[in-house]
């Protein structure tokens, strides 16, 4: 990477300061505060013995996720979705992404008929809320599975290798890792990568609404994202004491 | 008060440990984390220049409030209201109480045509979430008004004397201050008191669903609540550096 | 009380003309038209054999309440909540108050697994709709329990002592009983009191949005409210032929 | 008609006892309680100076209608539509019928830019609620137009000739007028007729879900309905003192 | 009929070109594209083994219908009802009409405990969408019943004689059959007739919002409608190869 | 590619038969039926002079998109979203994808203050509905822009190079193009690619819920997708007569 320095002083391939705090609250089986710079998300994993009707007697567990922003998380307060009476498309889209990603981190056939509900509530938003959510949710998920194992209700070994997620974009023509809001809002291309510790992809989503991107640019972004994900996974493992 | 000691070791007229953290997040003009023991509420005050249509050209400002629980705040996770598509009656009731109470702490005719939106989001619930919300919201409100004053858009002196709120109940026949969930769920009588520093009441709500209460019991509860409110107001002032 | 006379000619501690008409409609087990001056509320108590799922096999009954205003009940017509697709916070708040209050008038463990649904629909509003609703609902409840007893499905004696409710406020500095809309809209303090025949309180809610109140004022208001509630309970008993 | 007598003692072509009470409540410009036997509907006409956006500067007025059942109006209580969060198809269908019918009774181009909102709230249901609603709404409409005329805001003569509505059905093979619930629920054919004083039809709706009907049966039903409508119009005029 | 010719060259008692295409799509048991001139409606009949809870163990089947317009079906695009979060009254009203009409074409007691769900989705609207829907839905229903019979789950002979529907109106004083949008929007009177092959009526709905109608006009309209329905039924039978 | 043949006889890198029919309906400015094998989507582009409030006086146009499935489009009928009262997350997600993709095909600053509303309604679903929607919507968009140009309201040249979209997956270990439902439902990896004629990407979304994927697999999928997109763009241009 070049020696260009960003507004916040980071190198182009450098993550913001990452902080993962377990046991942030005490009621859910897993509760994590994850911070990517000024982005702060409370990720909880609540457990329920039993599964929804459509999975009953399948011998398998279930995992679902919901993402939401607190109204005052953004610079300009946004109306509360519960008061509007409907959920925004963006919220739905991210909830689905988090759910798909984390289902890749658990073998439901090993979980027994238990349900894990992930909630990612953004306390403060400064770009990268979906990637922070996925990264924090893995840690909360690990704690929730430990809780279920301690309860003696898990027949197998459901937790799979760590997954983490990071954004990378092309800003002013430069491939940049982990975009804060100021960069994200003017990026030509935005790519979110969810990766497992093995280096394989769980999900990639690249969007060029302000400018198209070619295969070389995609590869350059993926290179940087892989490096970022490995660092995030190291942070997850450190937080989990692995 | 007697020397009876509660499950958590407190005297009957003793508050749980109170903690008020300003600048908990950075986007809203006021952002406070308030803790009453294990109850933790994020109270924010967002400002907007201008007022809703029905107050336009009145020369007055406006203040409104919304209360909500994060789904994993309680011991058993509760469905997210935005996903249900409607707000529960309890949520509405508490939002209205917070709004009425805090409007008593501000002189809207001195505020100019500005709007303050309070949000009280419960991160962790262990009883007393509405009283913690009111207590924390006053501090966030004070910060938001300072912000508006610094912006030079406030014509007068809108902030009135501090208000705080506390619950008191009759549990096993004993008048007890600041009920945690365990006590609240088996209280015979539950009284929420919102009081100003002058000792006058802003709002009192007493409910005897599990047992009626007479005038003497009401007075005994009010005596203890007054003492608790004065301590809370001292904590607010300390947090504000007053 | 002083010899001050109100706009409608009443003394400060005088109720408006009270009228309680049983069997106002014939389909529900209890149906009452209650009138506090120009405020008219139709209070019905519908019965259902069986209880909601969460009470099944508890041996206990259940009681719930809904309050609503007809669109043309107020001076300026209000939009119909069913057409807006959501219930206003005020409606929710009063429904919950009515439900809590009337549950204090029935011993659910004596009711058997039966459900009573109270509906308080305001035909004409002139202040005090929530207190009229509670007062009328007790009479409808009494009739519904008689109906269930006649059906032979009630194992015990569920109906408890009468409860009634009245508003009292401070208007132009004077403690005034049973506020019509004209007084209510400019009251400094508003207190709603739900009281049982024994003189004990079921619920008190005092609000000082336009002015705080001290302990002396609270006591003065409670004195007048008690007197009013005793008169209402006498009217309930007369209507029931007790 | 034959000398067959119905369960309630009426002849086949006989209306139930009809009662029209004006000024049933005092806030709306028109307020009528209409009774067709045990069916009781409160019909109000609220006025507003001005028209909705899509009629502004048209020089014309507007009229709209909403129909609703109170939850306890029927023998078995029905869930409240505002709580379900949506309006039933039946409610929508009848609201639209009432609105279309009453717009035929007013010349909007003579009304000036004023809006009349009709509300038909069924207090007690025993068949024929939609026809009672239309019949009562005409009287409320007449009073509301008088009110507007007294206010001096009506440029022309908007009120047209009276309209009324009645149901007729084929029950056990017999053409029967003004069906109560017991007959309505087992009718082979059901016809609702809205007619003006001139004998012309405003709307006819015939349904043969439990059996088809031919032209002769249609004509027999229309004959009886015409007679019923004329009697209703006489009752409307008597109530209005015309 | 006179030799007056309409804007589209038709005689007053002439249908628009009618086209009924079976197997328009392949997933539902019955799928029909019906065209009345430029009006095009996709009518599907989906089958489900089993019935809703309220019909369980009745030995009878169930049939229900939903009507909807695609947003771009009309000249000016209309907002999508799913995005508005609620269904318009007009949609509800027509869905109910289609359901009632088609239930008259099936003997549910002969169907066995099977459910047929009709969907009428308007691809292009040019007047007469409800009558086209009913006419097309009968053909889809016939195919769906054949499917169920081939599955061996139908105990009897549920399909009854064909039904079809047509609109007739009075436009510029002339009784006109099968109104396109241009005529429908300025008709004085509008009558929708649902008729069975036997010539008996299933449903008639006549509306005179822009002008009342007398018995002679009604009869003239019914005469023309009967002729139109017989032609539609011939087209249905031809499409079905009967 | 290997000589493996799929269930439907296609080679692994072969598209299903593609058909693009313009002027499918006549009311919208652009109306296209697009078919990818058995998947059939009606794509319309409706135009409106003017823009939403937030774009007013910007000199720019606006484009938005909605995707929806007809209830009977799938093998088992799905509940209609308008009746459920809320839109599913999947629907929201695809609507947003279609909107983002097509905004990349138009230069809004050249469009003038006009709005284009795309609607993609799936008549029949057999996999690839989102990619067919995007591919068909481009053609409808081109027709709508021609319409606006003919109206003389377009200041510049808003239409950019063609874009098309295709799915590619790994099924039974083989990279396969344009997955029908049968393959899609058991794919290990699923990748949707939106590409412009220049070969640059507009959007890529790869998901490995049933199995992760590495960089080599990603590249193999992108190679096949590019080939497919070029063929689709050729079909678009042929349909447009370019």
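Coordinate-derived values only; no laboratory data. Just so it is clear, the structure is predicted and the values come from calculations on it, not from any experiment. FYI the Cβ positions are ideal-geometry reconstructions off the backbone, even for glycines, and counts take in every protein chain you see.
Laid out as a table, the results:
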| quantity | calculated |
| --- | --- |
| Fraction of the pair-distance distribution of segment B:161-242 above 22 Å, Cα-Cα pairs, percent | 25 percent |
| Projected area averaged over orientations for the protein assembly as shown, convex hull of C-alpha atoms, nm² | 57.9 nm² |
| Which of F:176, B:101, A:198 has the fewest Cβ neighbours within 10 Å, and the rest in rising order | A:198, F:176, B:101 |
| Fraction in percent of alpha-carbon pairs per bin - 10 Å, segment B:108-149 | 24, 47, 22, 7 |
| Among B:136, B:173, B:112, residue whose mean-square fluctuation peaks in a GNM of chain B (springs only between Cα atoms under 10 Å) | B:173 |
| D_trans [Stokes-Einstein, Kirkwood Rh over alpha-carbon pairs] for segment D:1-145, 4 °C, 1.567 mPa s, µm² s⁻¹ | 80 µm²/s |
| Taking segment B:18-240 and dividing mean pair separation by its residue count, relative contact order in percent (alpha carbons under 8 Å, at least six apart) | 22 percent |
| DSSP beta bridge pairing in segment E:18-240, given as percent antiparallel to the nearest 5 | 85 percent |
| Volume in Å³ per residue [convex hull over Cα atoms, computed for segment A:124-184] | 73 Å³ |
| Choice from B:213, B:54, B:24 showing the highest fluctuation, given a GNM over chain B with Cα pairs closer than 10 Å | B:54 |
| Förster radius 56 Å - calculated FRET efficiency between residue E:238 and residue C:149, Cβ distance, rounded to 0.05 | 0.25 |
| Whole-number Å³ per residue for the convex hull built on Cα positions in segment D:79-138 | 106 Å³ |
| Burial ranking of peptide ranges E:64-72, A:141-149 (average Cβ count within 10 Å, highest at the top) | E:64-72, A:141-149 |
| Shielding by other protein chains, C:23-36, mean Cβ within 10 Å | 3 |
| Square roots of five times the Cα gyration tensor eigenvalues for segment E:96-226, Å | 33, 15, 10 |
| Separation between Cα centres of segment D:127-172 and segment D:54-119, rounded to whole Å | 13 Å |
| GNM flexibility winner over chain F from F:179, F:218, F:108 (Cα, springs under 10 Å) | F:218 |
| Average beta carbon contacts from partner chains per residue of E:92-101, 10 Å cutoff | 4 |
| Cβ-Cβ FRET estimate between residue F:216 and residue C:8, R0 fixed at 60 Å, reported to 0.05 | 0.10 |
| Proxy reagent accessibility, fewest Cβ within 10 Å first, across C:126, B:178, B:223, E:13 | B:223, E:13, C:126, B:178 |
| Alpha-carbon radius of gyration plus Dmax, which is the widest Cα pair, for segment C:1-73 in Å | 18.6, 58 |
| Packing-based exposure ordering (other Cβ within 10 Å, fewest first) of E:46, C:185 | C:185, E:46 |
| Averaged over C:211-217, number of beta-carbon atoms from partner chains that fall within 10 Å | 5 |
| Share of alpha-carbon pairs per 10 Å distance bin for segment C:18-240, given as whole % | 8, 33, 35, 18, 5, 0 |
